[in-house]
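Working notes for the structure below.
No value in this document is a laboratory result; all are computed from the given coordinates. This one's a predicted model, so the numbers in the text were calculated from it and none came from an experiment. Glycine gets a Cβ as well: all are built from the backbone with ideal geometry, and neighbour counts include every protein chain shown.
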Amino acid sequence: MKKLKPTTRSNIFTYGALLIIFTVVYILNNGGVISNNISGLLIPICAYVCMSISLNLTVGILGELSLGHAGFMSVGAFSGVIAASALRNVTDNGTLQLIAAIAIGAVFAAIAGAIVGVPVLRLNGDYLAIVTLAFGEIIKNLLNNFYIGVDNSGLHFSMKDTASLNMDKGTVIVNGPMGAVGIPKVSTLIVGFILILICYAATANITNSRTGRAIKAIRDNRIAVESVGISVAKYKLMTFVTSAAMAGMAGALYALNYTTITPKKFDFNTSILILVFVVLGGIGNVRGGMIAATVLVVLPELLRAVKDYRMLMYAVVLILVMIFTNNRKARGLIIDPAKKLFGKLIPKRGKGGDANG
Amino acid sequence: MKKIVALLLVLVMACALFAACGEKKSEGSQSDKPAGEVKPFVIGGIGPLTGGAATYGNAAKNGAEIAVEEINALKGDVQFTLYYEDDEHDPEKSLNAYNTLKDKGLQILLGTVTTSPCIEVSAQANADRIFELTPSASSTDVLGGFEDESGNITIARKDNVFQMCFTDPNQGIASAEYIKTNNIGTKVAVIYKNDDAYSTGIYQKFISQAAKVGLEVVSITTFTADTATDFSVQLADAKNNGADLVFLPIYFEPASLILAQANSMGYEPAFFGVDGMDGILTMKNFDVSLAEGVFLLTPFSADAEDEQTKNFVSTYQSKFGEIPNQFAADGYDTVYALYNAIKKGNLTSDMTNAELCEKLIGIFTSADFKFDGLTGSGVTWATTGEVSKAPKAVVIKDGVYVGYNG
């Protein structure tokens, strides 16, 4: 048998693991074995995992810092909600509404990404961090002033109040600071899982292609890349817009899982939360980021039993994980016994193999 | 190496999932255990117990706890087991809290305390057919089915949801009318938080009602969560336009800053708040003398002379060491309203959630169900879910609320 490339093997491993985890969770969830609490978290986990992949593309692979990723999520969320609500008059099929919402969310977030990226990514330095930080705030404040409604004659838009929408017995979709209320709850776990697969596949394909090598080269040594005639701005923009589009898709999935979302939800704290997923999972390590996102969404819920000490415990766990993953000695404490154990269970894999870890 | 770390994390995750399952079972069996002879109703509350809005959640929780203890001490046919979960004033967390309560065998929901989370949770409770009585989530979107001025309906009526407090529009309307009829101010300035559903909701109705009753609004300024640290611009605008009353449809934290800054710039109008202002006296590091003379619209004042209020205030003080605010009273009243309704309908805790829900809806909307509580007497509910009781204003004098009568 022809020997597979390490990257291909690693990808097959990830897809396999994802599929197995998904199937197990899906069966357990449908069988009612999983508690209501965890069951309610599954779709948000899908959305946050996509956000983690998306930000990893920008931070880990492109090497630029984005501090306003929740802004793109917000754009995707609100455009997706408007699309789904407007489609309610056309079709009753929830999945169709969801897919349309995700597609439209992706397009609008990509446009927003291009608007931010075109001027900023030409610059050299930390400007993207500053501009995305501002972008997140601008989006939040803009959405606080948007009033959008739909009636039989179509969509209405105003920046004043709901009365100036001039609607005839319609439905207000976005009501300024009150956000979107009465969103059709159409997100499903299967679509969420497919979205994770799409995001992962896109990231894996970009990284392991000619484009990906150019992007990683830009991250590692910009001057060398420019000297061989690769257009830095083009590749940066390409990656950033892809990343924004993924965030938009995740936003649409997230929003359509709830009846109400407010612009305030997608604030600086959410951006930082997503950045924490990426940093905790390992910058540039997409799989690690996915796991970190899952753990960090589930963790506060599991800690409900300790009541008010919940957030304290959360912080302690974060710090411990940081120490353990970055300290060889501390890591040895856990890894060495585990290695011994695995070595006994699977004798063939006992030696070597992990030298690259 | 990386793979092993990843594998370990996956294992931890899997363990976590199963741990949660295990937890579910043990909680379930716990609630099945009879306390005394009757099986208690499992009631759940959700509110912000941590974070910026924690004052409201904790007050409502304490109030509800007192009521549950009192009812259980009667050893009657109706007993309650109360679980309270934190939502940090976030719809996403609130839905998680609701699901946690469901794992604990939730039958009737008392909550949630704040507005946006309640909109989220009430939709889910409606789908699950669990009866919900919220102590203080005041937006009409919580109930659903309200038309705005142009006849638009944002969200359909959720027939299982009822409120213990006034709706936002009613607070806005009542405030404007109260100010006009009692002649508290003639030129009004409004400072509201325009990224907040609660604040914007009250503001919009206040403005339209002010126009109707002929109240002159001379200055309208806004702030957001990010700019809630400095109000000099807003106050200067109010002062320059000669406002003699500042209407603050906001929570007490920013309001406390406004009071302090107005004081330091020597601007002394009357301040008028709504129920979000409640809690300002128990705020840490706040100079209570600044709040002297502030009006607020609230259905409850701790200095009321009736027996029920006196008992409640003394129990609350001995238990939690502070004077209860309106949210505590709302929390207390929701439990008693529920208790009365259950008594009236002879409901038992072995009914299914859907049965309880239908019966309770019937009782709450029936014309002969009247409730006398801390926040009003002869309280009734309409089929829209709105409560009908008389609004009251109090004024802060010597650090305590005093009923204001013209």
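Overview of results
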read-out	value
Chain B: calculated mean residue ellipticity at 222 nm from DSSP helix runs of at least 4, using -39500 (n - 2.57)	-14500 deg cm²/dmol
Cα pair distances exceeding 43 angstrom across the protein assembly as shown, given as percent	32
For peptides B:282-288, B:271-277, sequence by mean Cβ density within 10 Å, most packed first	B:271-277, B:282-288
Per DSSP, loop trypsin sites (Lys or Arg not before Pro) in region A:1-78 with at most 12 further Cβ within 10 Å	A:2, A:3
Local electrostatic count at residue B:372 - Lys and Arg +1, Asp and Glu -1, tallied over other residues with Cβ under 12 Å	-1
Prolate/oblate/rounded label for region B:70-203 (Cα gyration tensor, a/c 1.5)	prolate
Space enclosed by the convex hull of the alpha-carbon atoms of region B:169-298, per residue, Å³	91
DSSP beta bridge pairing in region B:169-298, given as percent antiparallel to the nearest 5	0
Surrounding net charge for residue B:267, when Lys and Arg each add one and Asp and Glu each subtract one, Cβ distance under 14 Å	-1
Estimated [θ] at 222 nm from DSSP helical runs (n ≥ 4, -39500 (n - 2.57)) normalised by residues in chain A, nearest 500	-22500 deg cm²/dmol
Max mean-square fluctuation residue, GNM over chain B, Cα-Cα springs under 10 Å, options B:74, B:110, B:245	B:74
For chain B, Kirkwood radius (reciprocal of mean inverse C-alpha pair distance, Å)	22.2
Fraction of beta bridges assigned by DSSP in chain B that are antiparallel (%, nearest 5)	25
Cα-based helix-to-principal-axis angle, A:232-255 vs chain A, degrees rounded to 10	70
Cβ-defined net charge surrounding residue B:238, 10 Å radius [Lys, Arg +1; Asp, Glu -1]	0
Kyte-Doolittle at least -0.5, axis length at least 30 Å by Cα - qualifying DSSP helices, chain B	B:2-32
